[in-house]
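Scroll down for the structure; my scribbles are underneath it.
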Amino acid sequence: MTRRALVARLDSVGDVLLSGPAVRAVAASPDVDEVWFLCSSIGASAARLLPGVDRVVVWDCPWITRLAPPATPEHLAVLAAIIDDCSPETAVILTSFHQSPLPLALLLRARAVRRIVGASVDFAGSLLDVRLRPGEDLEEDQPEAERALAIAAAGGFTLPSEDDGRLRIDEARFAETVPDTLPERFVVVHPGASVASRRWPEELHAETVRLLQGEGVEVVVTGGPDETSLTGRVAGTAGRDLGGGTGLGSLAAILARADVVITGNTGPAHLAAAVGTPVVSLFSPVVPAVRWAPYGVPTVLLGDQRAACADSRATDCPVPGHPCLTGVRPDEVVDACRRLAPALFADGPKVTLQEVLR
């Protein structure tokens, strides 16, 4: 009989990528033959890139995804069928500090899943067999990848000694078509983000592209299918516009070839970390950088982390003028690129490198 573990992470691309080390820990267990990964339709493309995942199963969660589907009997029956098909011996529910594992644990228990692992500030009763208590036996202010690893470890799943715990994707799974005319060395600018509070203004992105081009640095601008107007304006005549032309796998391949990625707190920042590329992070403090900054790669973090919007989890900036990010100037971003990849610039670094290593 195949011994299966179900790992659940039900939100977005970046969240799924940050769960990768925990997935590898579960997959490394001698007691697990297969790992099934339960995720949203938004996060599925990232889940398919993770080493250790044998099967991706998709279900949009009514209490986690931003576009929450109705919690109808029919929708819950879809999840029940997935659980029955998997028939896991153990389920590991990965959540952020503002999410509860208990609704999913209840549905898993109702389908006779015998062992469930999660982190909950609320009393879990008989719903969790292994419960971590955030703020008590689970540190709140730690990188999200380490939080997920801690939840897995509480269930008895640890990484092998040779695994450094950084983000990773399976290169064989992202072998999609990429442009064969990419520059030999270049910077990627990814100006979009899922919510407005995390976006640096497009005119500042565009000015950064022009400044980099003036320094002799090639720039590639990326974005999703709904961001082609944005990427076109940001690229202008100085950068190469690939907006709408890449799936997540081909984007991963492009980021892996780049010297530096400039982006906000969004999925491609974590994708860059997963392929080992340094990041200039235009980070809005609406969520804590200690938890959500790019993990495990050299990073320069820009943005006022003490701004009034800090920890608000706002999707639209609550402060007029969006000062936490509009205060970042394009020349600062160019200098950050110089610090992370001095060989791109003819005159080398102009400032002392202070990398944030996570």
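The values are calculated or read from the model by the stated rules, or taken from the named source; none is laboratory data. Model, not experiment: these values are computed from the prediction. Here Cβ is always computed from backbone atoms with ideal geometry, including for glycine, and neighbour counts include all displayed protein chains. Quick note on the areas: whole protein, heavy atoms, side chains included, nothing else; ligands and nucleic acids left out. Shrake-Rupley method; radii C 1.70, N 1.55, O 1.52, S 1.80 Å.
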VAL319 vs. criteria out of contact with any strand residue (DSSP E or B) (no Cβ under 6 Å at 6 or more places or on another chain), buried (at least 21 other Cβ atoms within 10 Å of the Cβ) and part of a loop (DSSP other than H, G, I, E, B):
no
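How many residues does the range 327-340 contain that are outside any loop (DSSP other than H, G, I, E, B) and open to solvent by 40 Å² or more (accessible area, probe 1.4 Å)? Give the derivation first.
Here is the first cut: in the range 327-340, the residues outside any loop (DSSP other than H, G, I, E, B) are 330-340.
Applying the additional criterion that residues be open to solvent by 40 Å² or more (accessible area, probe 1.4 Å) yields 331-332, 335, 339.
Matching residues across the range 327-340 total 4.
Could you tell me whether GLY244 is on the phi > 0 side of the Ramachandran plot, in contact with a helix residue (DSSP H, G or I) (Cβ under 8 Å, 6 or more places away or on another chain) and open to solvent by 10 Å² or more (accessible area, probe 1.4 Å)?
Details: on the phi > 0 side of the Ramachandran plot: yes; in contact with a helix residue (DSSP H, G or I) (Cβ under 8 Å, 6 or more places away or on another chain): yes; open to solvent by 10 Å² or more (accessible area, probe 1.4 Å): yes.
The answer is yes for GLY244.
Are any residues in the range 24-45 under 14 Å from the mean Cα position of the chain (by Cα) and assigned to a helix (DSSP H, G or I), and if so, which ones? Outline the logic, then answer.
Here is the first cut: in the range 24-45, the residues under 14 Å from the mean Cα position of the chain (by Cα) are 39-40, 42-45.
Within the range 24-45, ALA44, SER45 qualify.
Would you pick out the residues in the range 225-235 that are crowded, with 16+ Cβ neighbours inside 10 Å and closer than 22 Å to ALA252 by Cβ?
Let us first name the residues in the range 225-235 that are crowded, with 16+ Cβ neighbours inside 10 Å, namely 227, 230-231, 233-235.
Listed by number, the residues that qualify are GLU227, LEU230, THR231, VAL234, ALA235.
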Here are some residues: LEU79, LEU17, LEU10. Which one is in contact (Cβ under 8 Å) with a residue 24 or more places away in the chain, in a loop (DSSP other than H, G, I, E, B), open to solvent by less than 60 Å² (accessible area, probe 1.4 Å) and among the aliphatic types (A, V, I, L, M)?
LEU10
Just the residues that are open to solvent by 30 Å² or more (accessible area, probe 1.4 Å) and over 26 Å from the mean Cα position of the chain (by Cα), please, taken from the range 184-224.
GLU184, GLU207, ARG210, LEU211, GLN213, GLY214, GLU215, GLY216
Counting only residues that are of a type in the set (Gly, Ala, Ser) and within 18 Å of ALA46 (Cβ to Cβ), how many does the range 211-255 have?
7
Kindly indicate whether any position in the range 98-115 is touching a residue at least 40 places away in the same chain (Cβ under 8 Å), touching a Pro at 6+ places or on another chain (Cβ under 9 Å), over 28 Å from ASN265 (Cα atoms) and assigned to a loop (DSSP other than H, G, I, E, B).
yes
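Considering the range 95-117 alone, what residues qualify as being open to solvent by 10 Å² or more (accessible area, probe 1.4 Å) and within 20 Å of VAL287 (Cα to Cα)? Please lay out each step first, then the result.
At the first step, the residues of the range 95-117 found to be open to solvent by 10 Å² or more (accessible area, probe 1.4 Å) are 97-100, 102-103, 106-107, 109-112, 114-115.
If the condition is that a residue be open to solvent by 10 Å² or more (accessible area, probe 1.4 Å) and within 20 Å of VAL287 (Cα to Cα), then PHE97, HIS98, GLN99, SER100 are the ones that fit.
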